[in-house]
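The values are calculated or read from the model by the stated rules, or taken from the named source; none is laboratory data. Note that the coordinates shown come from a computational prediction; the quantities given were computed from them, not determined experimentally. Accessible surface is based on the protein model in full, side chains and every heavy atom, while ligands, DNA and RNA are left aside. Shrake-Rupley method; radii C 1.70, N 1.55, O 1.52, S 1.80 Å.
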Amino acid sequence: MQKKLLKNILNSSKNLEKITYKIMKNGFKFCFFLCIISTLILSLYNSTYSLNAYNIGISLFKLSIYFTVEFIICGFIVDSIKKKLI
C-alpha cells in the first residue's frame with residue numbers, strides 16, 4: 001500500500017509542467033536559504049546563549065519547513081488544476 005502511494009507520488013512529480021517544476025525548484029532553493037540562515041542564527045545562540053537568537057532561529061527554521069511543505073502541496077495542486085484533474 002505504501003509502496004504504491006510513494007510510486008504514485010514519484011510518477012506525478014515526473015509529469016509536472018515545466019513552469020510548475022521551476023517554481024517548486026526555486027521555492028526549495030529559497031527554503032534552503034532560510035534554513036541555512038536559521039542554522040547560523042542558532043549557532044550564534046550556541047556561542048552567546050541569547051534567548052532572542054534562539055527564538056528567532058527556531059521560528060525561522062519552522063517557517064522554512066512550512067514553506068517547503070507549502071511549495072510541495074501547492075505545486076501538485078496547481079499542476080492538477082491546470083491539467084483539469086480536479
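A few notes on this one:
- The stretch 10-52: number of residues that are assigned to a helix (DSSP H, G or I), open to solvent by less than 80 Å² (accessible area, probe 1.4 Å) and aliphatic (A, V, I, L, M): 6
- For the stretch 66-80, the tally of residues that are more than 8 Å from the chain's Cα centre (by Cα) and of a type in the set (S, T, N, Q) stands at 1.
- Of all the numbered requirements in (1) open to solvent by 60 Å² or more (accessible area, probe 1.4 Å); (2) assigned to a helix (DSSP H, G or I), Asp79 misses one, and that requirement is (1).
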